[in-house]
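**Student:** Got a structure here, written out as structure tokens. Questions coming.
The values are calculated or read from the model by the stated rules, or taken from the named source; none is laboratory data. In this text the structure is predicted, and so the values were computed from the model without any measurement. All Cβ positions, even for glycine, are placed from backbone atoms using ideal geometry, and neighbour counts span all protein chains on display.
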Amino acid sequence: MLAAVPNEEAARDLAGRYWEGLLELDPLIGTYIGDDRYDDRLPDPTDAGIARRKAFSEGALAEMGALDLASLDSELRTTLDILEAAARRELDDIAFRMDRLGAVSHLFGPSNLLASLASMQMAKTPEQLDKYARRLEALGPYLDAVRVVALEGAGVGQTAPGLVVDRTIGQLERLLSMDPERSPGMTPVENSSQEDKDRVARVLREVVWPAHARYLDALREYRPHARETIGLSELPDGEAMYAAQVRGHTTLDLDPRAVHETGREQLTLILEERQEIARKLGHPEVKSALDEYTASGKNTAASREEMLRLVTQQVERSWEAAPRFFGRLPKANCEVKPVEEFREDDMPGAYYHPGTADGARPGVYYVNTGHLESRPLHQTATTSYHEANPGHHFQVTLEMEFADRMPLRRFGGFLVGDSFTEGWGLYSERLADEMGLYLDEHERIGMLEAQAYRAGRLIVDTGIHALGWDRERAVQQMQETGASRVDSEIEVDRYITMPGQALAYMIGKIQIDAWRKTASERDGSTFDLRGFHDRLLALGSLPLFSLERELQSSA
């Protein structure tokens with residue numbers, strides 16, 4: 001008779017095999033974190049690929065169910081929290097065939113894959129170059145398989161809204177209008193030999209461009225079947241689909257109507273705080289204060305270069321101030337780069353792209369330098385502190401730098417949704433005020449506008465997907481937070497194509513604020529804010545219930 005495997009050893013083995021299996025099923029995860037073993041492959045969108053993912057997640061959960069979780073130490077316990085949340089989220093997505101909607105998305109969908117690969121993947125060595133070229137070749141069958149998924153969705157009535165299809169078509173048309181040799185696909189070989197450049201350019205021209213053209217043709221065929229409604233509630237099983245997406249992004253089972261009301265309550269408080277600053281500036285309301293500031297010319301960047309320079313200064317200033325509020329900092333600051341021009345019409349104002357654990361690829365803060373007249377400068381600071389320092393760059397990089405952790409625990413936090421990640425980013429915007437990073441009251445108005453924006457997301461996301469709102473009502477609601485029409489439209493279209501994700505920001509921040517308040521009240525005069533931040537970031541991107549448990553156990 002075989003001896004039973006000790007519980008801890010079995011848990012560690014399961015976590016290790018689960019991570020390795022994930023990298024094989026979704027090779028982009030490895031590229032994302034800097035593990036290049038599967039950099040020549042892409043995920044399998046076919047029915048066979050979906051069946052493998054389903055069996056994999058079900059098997060992992062069955063193995064986990066046989067373990068005594070209560071006897072595990074904190075590292076293993078939290079590692080398996082990630083496994084469970086990720087596997088259940090995957091099974092929900094498969095059950096509701098969310099891949100059919102993901103096959104037609106202008107935001108981080110197939111039409112963005114080439115630019116995403118080019119921003120992540122390196123081709124500095126012959127082996128890396130070979131893997132990059134083979135992955136580009138794999139884009140042909142990958143996009144062909146995605147076409148099948150999209151058209152199957154059209155055949156059963158599970159389609160993306162028409163406005164999402166139109167944005168995706170426009171994005172593809174702009175990409176295909178480019179010369180492949182001058183496209184984002186050349187980025188990994190921009191400093192390579194001419195021979196290497198020629199190889200990549202040939203694959204782009206002979207494989208990647210024709211595959212995108214076939215995908216574009218499929219979307220034009222798909223367009224008449226697209227729905228004119230925008231919310232998940234309009235689809236069969238839409239209410240259950242939305243509940244699963246909310247759970248996947250926030251790690252909580254939330255009532256959409258209660259979330260909607262929380263958003264309204266938060267928005268009212270934030271708007272009142274913003275009004276106080278307007279009075280301090282000598283204005284009866286915020287609009288006149290900002291109108292005067294904009295009329296002075298101080299609120300608009302004169303050029304793309306100026307926008308990039310101002311944001312770079314914010315990133316450097318926040319880095320220098322951080323040691324007073326954090327005991328542990330990332331080993332290096334992030335870089336600042338502009339969003340590629342062909343994508344800027346469909347992308348947010350800014351976003352952060354993590355580096356690799358070994359530092360070979362630095363973290364990058366991407367700034368949208370298009371439509372400068374619609375990007376007021378008083379709003380840029382709070383975004384920098386959310387996306388770069390002390391926000392996502394700190395949170396993501398510090399997690400990666402725990403070299404002794406199992407890979408699933410070290411790198412897999414993004415699998416459990418966005419509530420801690422985006423909650424920390426939003427918390428960081430407020431923390432930046434405590435750090436003295438806002439240079440004037442106009443930038444503080446910008447911070448409050450961003451807070452209002454996230455409160456507005458609670459209202460709008462639930463409005464769209466649970467309460468039957470149309471796009472115009474959603475856009476007008478976002479404009480009430482202080483957002484421009486252009487940004488409101490981009491953001492609302494983002495919520496349409498990524499149901500539930502927009503809830504993570506304010507839901508996560510509310511929880512972090514509550515944890516800080518509890519710790520402060522418990523410790524009184526001995527409360528150490530640096531220690532609180534270090535402990536929270538050391539725990540990192542876990543499900544919110546897991547963070548709650550671990551913070552209480554360490555009190």
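**Student:** Can you find a residue in the stretch 121-128 that is crowded, with 21+ Cβ neighbours inside 10 Å and assigned to a helix (DSSP H, G or I)?
**Tutor:** no
Residue by residue, here is whether (1) modelled with pLDDT of 95 or more; (2) part of a helix (DSSP H, G or I); (3) farther than 22 Å from Pro354 by Cβ; (4) out of contact with any Asp or Glu (no Cβ under 6 Å at 6 or more places or on another chain) holds:
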site	(1), (2), (3), (4)
Met1	no, no, yes, yes
Leu14	yes, yes, yes, no
Arg37	yes, no, no, yes
Ile94	yes, yes, yes, yes
Arg97	yes, no, yes, yes
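**Student:** Still on this structure, please answer the following. Restricting attention to the stretch 283-297, does a residue exist that is surrounded by fewer than 16 Cβ atoms within 10 Å (Cβ to Cβ) and in contact with a Lys or Arg (Cβ under 9 Å, 6 or more places away or on another chain)?
**Tutor:** Going residue by residue through the stretch 283-297, those that are surrounded by fewer than 16 Cβ atoms within 10 Å (Cβ to Cβ) are 284-285, 287-288, 291-292, 295-297.
Filter once more, keeping what is in contact with a Lys or Arg (Cβ under 9 Å, 6 or more places away or on another chain): 285.
Scanning the stretch 283-297, I find at least one residue that is surrounded by fewer than 16 Cβ atoms within 10 Å (Cβ to Cβ) and in contact with a Lys or Arg (Cβ under 9 Å, 6 or more places away or on another chain), so the answer is yes.
**Student:** Would you mind finding the one in Asp73, Asp68, Asp92, Asp130 that is over 20 Å from Ala145 (Cβ atoms) and under 20 Å from the mean Cα position of the chain (by Cα)? Before you say what the answer is, go through the steps one by one.
**Tutor:** Values: Asp73 fails: under 20 Å from the mean Cα position of the chain (by Cα); Asp68 fails: under 20 Å from the mean Cα position of the chain (by Cα); Asp130 fails: under 20 Å from the mean Cα position of the chain (by Cα).
Selected residue: Asp92, the only one of Asp73, Asp68, Asp92, Asp130 that is over 20 Å from Ala145 (Cβ atoms) and under 20 Å from the mean Cα position of the chain (by Cα).
**Student:** Any idea which of Ala160, Ala154, Ala145 is within 24 Å of the chain's Cα centre (by Cα) and of a type in the set (A, V, I, L, M, F, W, C)? Spell out the reasoning first.
**Tutor:** Values: Ala154 fails: within 24 Å of the chain's Cα centre (by Cα); Ala145 fails: within 24 Å of the chain's Cα centre (by Cα).
The unique qualifying residue is Ala160.
**Student:** Another question about this same structure. State whether the residues of the stretch 195-213 include one that is small (Gly, Ala, Ser), more than 23 Å from Ile33 (Cβ to Cβ), free of Cβ contacts under 8 Å to residues at least 60 places away in the same chain and assigned by TED's automatic domain parsing to the domain that holds Leu28.
**Tutor:** So in the stretch 195-213, the residues small (Gly, Ala, Ser) come out as 201, 211, 213.
Next cut, more than 23 Å from Ile33 (Cβ to Cβ) only: 201, 211, 213.
Subsequent filtering for residues that are free of Cβ contacts under 8 Å to residues at least 60 places away in the same chain retains 201, 213.
Narrowing further to those that are assigned by TED's automatic domain parsing to the domain that holds Leu28: 201, 213.
Within the stretch 195-213, one or more residues are small (Gly, Ala, Ser), more than 23 Å from Ile33 (Cβ to Cβ), free of Cβ contacts under 8 Å to residues at least 60 places away in the same chain and assigned by TED's automatic domain parsing to the domain that holds Leu28.
**Student:** Of everything in the stretch 248-300, what is touching a Pro at 6+ places or on another chain (Cβ under 9 Å), more than 18 Å from Ser484 (Cα to Cα) and aliphatic (A, V, I, L, M)? Give them in sequence order.
**Tutor:** Leu252, Ala278 - these are the residues of the stretch 248-300 that are touching a Pro at 6+ places or on another chain (Cβ under 9 Å), more than 18 Å from Ser484 (Cα to Cα) and aliphatic (A, V, I, L, M).
**Student:** Right, here's the next one. Within the stretch 478-555, which helices (runs of 4 or more DSSP H) (wholly inside it) include 3 or more residues that are of a type in the set (Ser, Thr, Tyr)?
**Tutor:** 485-497, 504-523
**Student:** While we're looking at this one, here's another question. Could you list, in sequence order, all residues of the stretch 101-118 that are surrounded by fewer than 19 Cβ atoms within 10 Å (Cβ to Cβ) and touching a Ser or Thr at 6+ places or on another chain (Cβ under 8 Å)?
**Tutor:** The answer is Phe108, and nothing else.
**Student:** Test of understanding: among Asp144, Asp166, which residue is closer than 19 Å to Ala213 by Cα, without any contact (Cβ under 8 Å) to a residue 60 or more places away in the chain, out of contact with any strand residue (DSSP E or B) (no Cβ under 7 Å at 6 or more places or on another chain) and not basic (Lys, Arg)?
**Tutor:** Values: Asp144 fails: without any contact (Cβ under 8 Å) to a residue 60 or more places away in the chain.
That would be Asp166, the only listed residue that is closer than 19 Å to Ala213 by Cα, without any contact (Cβ under 8 Å) to a residue 60 or more places away in the chain, out of contact with any strand residue (DSSP E or B) (no Cβ under 7 Å at 6 or more places or on another chain) and not basic (Lys, Arg).
**Student:** Sticking with this structure for a sec: So, in the stretch 360-379, of the ones that are polar (S, T, N, Q) and in contact with a helix residue (DSSP H, G or I) (Cβ under 6 Å, 6 or more places away or on another chain), which residue ends up surrounded by the most Cβ atoms within 10 Å (Cβ to Cβ)? Write out each step before concluding.
**Tutor:** Going residue by residue through the stretch 360-379, those that are polar (S, T, N, Q) are 368-369, 374, 379.
Add one more test, that the residue is in contact with a helix residue (DSSP H, G or I) (Cβ under 6 Å, 6 or more places away or on another chain), and what stays is 369, 374, 379.
Working: Thr369: 22, Ser374: 15, Gln379: 24.
Among those that are polar (S, T, N, Q) and in contact with a helix residue (DSSP H, G or I) (Cβ under 6 Å, 6 or more places away or on another chain), it is Gln379.
**Student:** Which pairs do you get when a residue that is within 13 Å of Arg454 (Cβ to Cβ), found in the stretch 258-286, comes within reach of a residue that is outside any loop (DSSP other than H, G, I, E, B) and acidic (Asp, Glu), reach meaning Cβ atoms under 6 angstrom, with the pair 6+ apart or on two chains?
**Tutor:** Final answer for the pair search is none.
**Student:** While we're looking at this one, here's another question. Hey, any hits in the stretch 531-545 for a residue that's free of Cβ contacts under 8 Å to residues at least 40 places away in the same chain, polar (S, T, N, Q), in the same structural domain as Leu377 (by TED's automatic domain parsing) and buried (at least 20 other Cβ atoms within 10 Å of the Cβ)?
**Tutor:** no
**Student:** Answer yes if at least one residue in the stretch 67-74 is under 19 Å from Glu24 (Cβ atoms), part of a helix (DSSP H, G or I) and free of Cβ contacts under 8 Å to residues at least 24 places away in the same chain, and no otherwise. Reasoning before the result, please.
**Tutor:** Of the residues in the stretch 67-74, the ones under 19 Å from Glu24 (Cβ atoms) are none.
No - not one qualifying residue is present in the stretch 67-74.
**Student:** All but one of (1) of a type in the set (A, V, I, L, M); (2) modelled with pLDDT under 95; (3) in a helix (DSSP H, G or I) hold for Val5; which doesn't?
**Tutor:** Going through (1) of a type in the set (A, V, I, L, M); (2) modelled with pLDDT under 95; (3) in a helix (DSSP H, G or I) one by one, Val5 breaks only (3).
**Student:** Separate question: Where in the stretch 234-345 are the helices (runs of 4 or more DSSP H), entirely inside, with at least 2 residues that are aliphatic (A, V, I, L, M) and either in contact with an Asp or Glu (Cβ under 6 Å, 6 or more places away or on another chain) or more than 22 Å from Ala504 (Cβ to Cβ) (or both)? Show your work before the answer.
**Tutor:** Details: elements: 238-250, 256-280, 286-295, 304-321.
Because the criterion is at least 2 residues that are aliphatic (A, V, I, L, M) and either in contact with an Asp or Glu (Cβ under 6 Å, 6 or more places away or on another chain) or more than 22 Å from Ala504 (Cβ to Cβ) (or both), the helices (runs of 4 or more DSSP H) in the stretch 234-345 that meet it are 256-280, 286-295, 304-321.
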